Amino acid sequence: MGEIETDKGFQIDLGNLLAYNPNHHFASIPSSREELVKECLEKGTELVQALADSLFNLPATEDVDGPIVTLPPPTTRLPRQQHLPRPKPKTKWELFAEKKGIKNRKKDKIAYDEKTGTWKRTYGYDRANDEDDVPIIDAKPTDEPGVDPFAKRKTDKKQRVEKQEKNHMKNLKDASKSGALPSHVQLAATSLPISGSYAAPKKLSKTELEEVAGAAATSTASIGKFDKKLPGEKPLKNKGKHRKFLPVAQGKGMGLQEREQTEKILNKLISKNSHDSLNVNKAVKNINMQKEKQQQKSKQDKGSSKSSKLNAKKKSFKKSPYKGSSKKGPSKSKTS
């Protein structure tokens, strides 16, 4: 099914869900932006309605969510956002293998280790038949006397890795010249040597140079106080601040300062996480309970003061701890 043409001259491509009018023209040029927007909305509504009518004319299958239709292949060729991927240039090894007819074969991930008699991984840690994990190396007639074979193996391996890295960087340079750099390397192409050329360095202005020099001077512990000054160098405008530390020796008031600092830090931490640790309902309930207890206590105090005024004072029949003594003063005897 190709493009569908409606009675009004609309072209509909169901594969792309696209509808347009190739012969559209304004009867008169809109005088204002509002009139232009209104005209565009009317034409857009007609196109969407025509597209919906064409969709409902397709053969459909019933489903729980509603009718389902299969869209035909698109007929309109839409332009690409990005260019076509360029062919990646072949590496030196790929050219050599193609010339000699060498084909890549899939290697096994597991190999048999003859020393332990078990199956191990072919590459990586604890691999099978590891040359570095050999206590004795057989001497060869071509070996030079006095050369450590274990150290020679390490240097040979290091040279192989460096050569492989050099070849890898060369292949990336060739790919960047033809514009076929891998996507995971494109982001770093401007800052790595694989791009073949660096971006031109930006020329700093006078104020930027002063800011950089000031930052370098204030990076020292003395904030540039003891640094050597160049002839004609101006003093720093924005000097940094010394970091103030508590003295090591405990003196008068030092314990108080340290306690104030720790309390300040704890208050900041608590205030940041107060919304997590504070239970508002529980706090309100505790306040209400405290108010009720205070009211009950005040009522009890008022009741006890009234009862003490009404009741007569009772005499205490408790004996004095001192024998022969009395609370009353000495009695006077009458004489005739």
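The values are calculated or read from the model by the stated rules, or taken from the named source; none is laboratory data. This is a predicted model, so every value here is computed, not measured. Here Cβ is always computed from backbone atoms with ideal geometry, including for glycine, and neighbour counts include all displayed protein chains. Ligands, DNA and RNA are stripped out before the accessible areas are found, and what is left, the full protein with its side chains, is counted by its heavy atoms. Shrake-Rupley method; radii C 1.70, N 1.55, O 1.52, S 1.80 Å.
Only residues that are open to solvent by 60 Å² or more (accessible area, probe 1.4 Å) and polar (S, T, N, Q): list them for segment 206-230, please.
Within segment 206-230, 207, 219 qualify.
Is it the case, given these coordinates, that residue 29 is out of contact with any Asp or Glu (no Cβ under 7 Å at 6 or more places or on another chain), farther than 30 Å from residue 170 by Cα, surrounded by fewer than 13 Cβ atoms within 10 Å (Cβ to Cβ) and not aromatic (Phe, Trp, Tyr)?
Answer is yes for this residue.
Is segment 76-87 home to any residue that is touching an Asp or Glu at 6+ places or on another chain (Cβ under 8 Å) and either touching a residue at least 40 places away in the same chain (Cβ under 8 Å) or open to solvent by 90 Å² or more (accessible area, probe 1.4 Å) (or both)?
yes
From the list 271, 277, pick out the single residue that is at pLDDT 65 or above and loosely packed, with under 10 Cβ neighbours inside 10 Å.
271
Pick from 102, 136: which is of a type in the set (Val, Ile, Thr), within 30 Å of residue 174 (Cα to Cα) and over 42 Å from the mean Cα position of the chain (by Cα)?
Of the residues listed, the single one that is of a type in the set (Val, Ile, Thr), within 30 Å of residue 174 (Cα to Cα) and over 42 Å from the mean Cα position of the chain (by Cα) is 102.
Of the residues 116, 142, only one is part of a loop (DSSP other than H, G, I, E, B), surrounded by 10 or more Cβ atoms within 10 Å (Cβ to Cβ), among the hydroxyl-bearing types (Ser, Thr, Tyr) and out of contact with any strand residue (DSSP E or B) (no Cβ under 9 Å at 6 or more places or on another chain); which?
116
State which residue is surrounded by the most Cβ atoms within 10 Å (Cβ to Cβ) when the search covers only segment 90-110 and only residues that are assigned to a loop (DSSP other than H, G, I, E, B) and charged (D, E, K, R).
90
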